[in-house]
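In what follows, a single structure is set out as structure tokens and then discussed.
The values are calculated or read from the model by the stated rules, or taken from the named source; none is laboratory data. This one's a predicted model, so the numbers in the text were calculated from it and none came from an experiment. Using ideal geometry, Cβ is built from the backbone for each residue, glycine included, and neighbour counts are taken over all protein chains shown. Protein only, heavy atoms only, side chains kept; ligands, DNA and RNA dropped before computing areas. Shrake-Rupley method; radii C 1.70, N 1.55, O 1.52, S 1.80 Å.
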Amino acid sequence: MSAVVRIVFSTAFVVGRTKILFAGPFFYALVWMMYPVFNLLLIGLIYRDNEQLRDYAIIGGACMALLFAMLYNAGEVLDGERRRGSLGNLFLAPCSRYAWLGGFQLFAIVEALATAAITIAVGAMAFGLTVKVNLPALLVTFALFGACMWGFSMVVGAIGVAIRDANQISNLLFGPIMLLAGTMYPIALMPDWIRIPARFFPFAYGVQALVDASTKGASITSLWRELIPLAGFAILLPVLGMLAFNRVERLTRQTGSLELT
């Protein structure tokens, strides 16, 4: 276990160093600051007369960064390594595939958390975001939501390995997920044709619970309507993700279609 942890952190360090040096520290930081700043400006213009929806959308924007990171990362990792011709070597490395993949995903989570922190900090300073945090509820919700997104990203990544274009799957899914997650507007206030399908996915439960735990000080017990379904997804999706990834990996090894060639 200690070796796996070292591989995860070593991979995350190498990935982060490579990304920052490739773009340059200044432009790397500029790119990651552009989204939260302009997203907040958009939210401020749309909800300038409604403080409750403004606060919801600011936290929803922070959640969007987490959704983006987990959805895109697994597919982008696999596609990027395939293009470089190194995906096969990674799968043949004498360690768990979840160790090096976890390193890629860990750095993506760090990037997403940094974006979320900037969003919340600027939202509080510039737009008067109401911050009333219940820390136990926030930590429980974040853990459950993170498990859901990890499992979902593994399912998407597995499909991407099978069809050899994981990034395009992520591009197709991100738009509908933004709508079903209610990142800009609460799902509870949306019409039935959106609200009913949204309840079959974990995104809206996680976003609403994070909003309430961050801005209303909601406790774990008061969030039971969101946390119970979220806990179910947090168990189901990682299991499905690992099963799908293992199955697709075996198929690609048998057919010899792991690399571009």
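Within the option set Leu92, Leu71, Leu106, being open to solvent by 30 Å² or more (accessible area, probe 1.4 Å) and modelled with pLDDT under 80 holds for one residue only, Leu92.
Cβ-Cβ distances below 8 Å connect no pair with a first residue in region 1-13 that is in a helix (DSSP H, G or I) and open to solvent by 100 Å² or more (accessible area, probe 1.4 Å), a second residue that is charged (D, E, K, R) and modelled with pLDDT under 85, and a separation of six or more residues or different chains.
Tell me which helices (runs of 4 or more DSSP H) are completely within region 63-173 and hold 3 or more residues being under 17 Å from Val15 (Cβ atoms) and within 15 Å of the chain's Cα centre (by Cα), or say none if there are none.
Values: elements: 87-92, 97-127, 135-163.
The qualifying helices (runs of 4 or more DSSP H) are 97-127, 135-163.
Residue pairs whose Cβ atoms lie under 8 Å apart, separated by 6 or more positions or on different chains, with the first residue in region 216-241 and on the phi > 0 side of the Ramachandran plot and the second among the aliphatic types (A, V, I, L, M) and open to solvent by 30 Å² or more (accessible area, probe 1.4 Å), are Gly217/Val133. Given the structure, is Val131 under 18 Å from Gly60 (Cα atoms) and of a type outside the set (Lys, Arg)? Answer is yes for this residue. If the condition is being acidic (Asp, Glu) and modelled with pLDDT under 90, then region 218-255 contributes only Glu249.
Looking at Glu81, is it charged (D, E, K, R), buried (at least 19 other Cβ atoms within 10 Å of the Cβ) and at negative phi? Explain how you work it out, then say what you get.
Details: charged (D, E, K, R): yes; buried (at least 19 other Cβ atoms within 10 Å of the Cβ): yes; at negative phi: yes.
When the stated conditions are applied, Glu81 passes them.
Of all residues in region 185-210, those satisfying the criterion of being surrounded by fewer than 24 Cβ atoms within 10 Å (Cβ to Cβ) and part of a loop (DSSP other than H, G, I, E, B) are Tyr185, Pro186, Met190, Pro191, Arg199, Phe200, Phe201. Among the criteria (1) open to solvent by 20 Å² or more (accessible area, probe 1.4 Å); (2) assigned to a helix (DSSP H, G or I); (3) of a type in the set (A, V, I, L, M, F, W, C), the one Ala213 does not fulfil is (1).
Return yes or no: is Tyr56 surrounded by 18 or more Cβ atoms within 10 Å (Cβ to Cβ) and more than 17 Å from the chain's Cα centre (by Cα)?
yes
Scanning region 216-238 for residues that are open to solvent by less than 70 Å² (accessible area, probe 1.4 Å) and assigned to a helix (DSSP H, G or I) yields Ser222, Leu223, Glu226, Leu227, Pro229, Leu230, Ala231, Gly232, Phe233, Ala234, Leu237, Pro238.
Any residue in region 116-130 that is modelled with pLDDT under 85, surrounded by fewer than 20 Cβ atoms within 10 Å (Cβ to Cβ), farther than 30 Å from Arg54 by Cβ and of a type in the set (S, T, N, Q)? No, that holds for no residue. Restricted to region 25-36, and to residues there that are surrounded by fewer than 13 Cβ atoms within 10 Å (Cβ to Cβ) and under 19 Å from Ala65 (Cβ atoms), the residue that is modelled with the highest pLDDT is Phe27.
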